[in-house]
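I have placed the structure first, in the form of structure tokens, so that the comments after it can refer back to it.
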Amino acid sequence: MQRNRTTGRRWTGAVLAATGLVALVLVPGSAAAAPSTAEEAAQLVEEAGRRLTALDEQVHQAQLAVEAQQQAATDADRTADDAEATLATYEPAIRAIAQSGYTGTTRSRVAAFLGSDSADDLIAQMTMIDLIADHTDGVLTDVAAAQARAAETRASADAAAAEATAALRTLEEQQAQVQAEVDRYEADFERLTAAEQARVTAALAGPVLAAPPAAVAAAGAPGPAAATAVETALAQLGDPYVWGSSGPDGFDCSGLTQYAYAAAGISLPHSSKAQSTMGTPVSRAELLPGDIVYFYSPVSHVGIYIGDGRMVHARTFGQPVAVTSVDQAGYRGAVRVA
């Protein structure tokens, strides 16, 4: 592949930009020299692809954190509403106390002493005055506590909402950065020859293998949910890799597994790392169709095992959903979620 000065600058800019972004979120990257050969250019694209795969997973993790913060804000707001509703129930008692103080219907001890007709009458009036005073004190104490609780929970709700908004803004900025890097990576990938593209794809995701009939693969699943997930995933063969997507017309890796298991009525988070912690861990020798296999450390890729040492997965940027060997570089483990 021929390369001119402008092309070299584009290669360098794309890879350096990817490295710089990773430095913000992952670990500091090192500067890359402009490739002098097509082989070096392909290597840079491969390295950029691996960094973007890891960054893709970190953005998914951030999305889960934002969702948790948004839920916390919703819960805090509901608690504040409940506290304010409780405070509102004291309004009749507060009005009654205020009215009795204004009209003088609440007698003092002195008035009771002067106006009583007998010792028994005095004791009865004193007892009633004490009961009213105790009730008034109790209502005022409860009101003060309800006011404090309402103010505290409303402040918590407002703080949780502000945190969720700030986290969402940060996530949106990260997503925009990643999307820009994806665009650069795909442009660089398209400038490779067909042979170089095939080599880079094989290095990132493994060579494509023949897909078994969906019914055959699903037959070995441990249950109907896993069988449905296998059939659903295999039905997406050829669909494009779309960063951040969980279907129905394109997928990233955890989006495909999420989509496949959603068809079986099982909810999975849109995150490779989170999916790798669910269900029951299984060894390589115990793998059955439907098991989620995960890759790299930290985990940044997943697929669905379909038997005979193969898996179906959304492979990498620019490549469609396909079947490859489960023993590709970076295999870390597997979990059974159904």
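The values are calculated or read from the model by the stated rules, or taken from the named source; none is laboratory data. Predicted, not measured: the structure shown is a model, and the values here were computed from it. For neighbour counting, all protein chains shown are included, and Cβ atoms are generated from backbone atoms with ideal geometry for every residue, glycine included.
Assorted remarks:
- Summed over the stretch 259-268, the residues that are among the aliphatic types (A, V, I, L, M) and in a loop (DSSP other than H, G, I, E, B) give a count of 4.
- Within the stretch 232-258, restricting attention to residues that are touching a Pro at 6+ places or on another chain (Cβ under 9 Å) and part of a loop (DSSP other than H, G, I, E, B), the residue that is surrounded by the most Cβ atoms within 10 Å (Cβ to Cβ) is Gln236.
- Residue pairs whose Cβ atoms lie under 9 Å apart, separated by 6 or more positions or on different chains, with the first residue in the stretch 177-188 and closer than 15 Å to Tyr241 by Cα and the second modelled with pLDDT of 80 or more and crowded, with 20+ Cβ neighbours inside 10 Å, are Val178/Trp243; Gln179/Trp243; Val182/Trp243.
- First in the stretch 209-220 and farther than 17 Å from Gly309 by Cβ, second anywhere and buried (at least 16 other Cβ atoms within 10 Å of the Cβ), Cβ under 7 Å, 6 or more apart: Ala214/Val230; Ala214/Glu231; Ala214/Leu234
- Candidates are the residues of the stretch 327-338 that are in contact with a Gly (Cβ under 7 Å, 6 or more places away or on another chain) and either at pLDDT 95 or above or part of a strand (DSSP E or B) (or both); the one that is nearest to Ala187 (Cα to Cα) is Val335.
- Count - residues of the stretch 280-313 that are at pLDDT below 95, buried (at least 20 other Cβ atoms within 10 Å of the Cβ) and among the small types (Gly, Ala, Ser): 1
- Summed over the stretch 269-326, the residues that are farther than 20 Å from Gly250 by Cα, β-branched (Val, Ile, Thr) and in a loop (DSSP other than H, G, I, E, B) give a count of 3.
- Failed item in (1) in contact with a strand residue (DSSP E or B) (Cβ under 6 Å, 6 or more places away or on another chain); (2) free of Cβ contacts under 8 Å to residues at least 60 places away in the same chain; (3) of a type in the set (Asp, Glu), with Glu286 passing the rest: (1)
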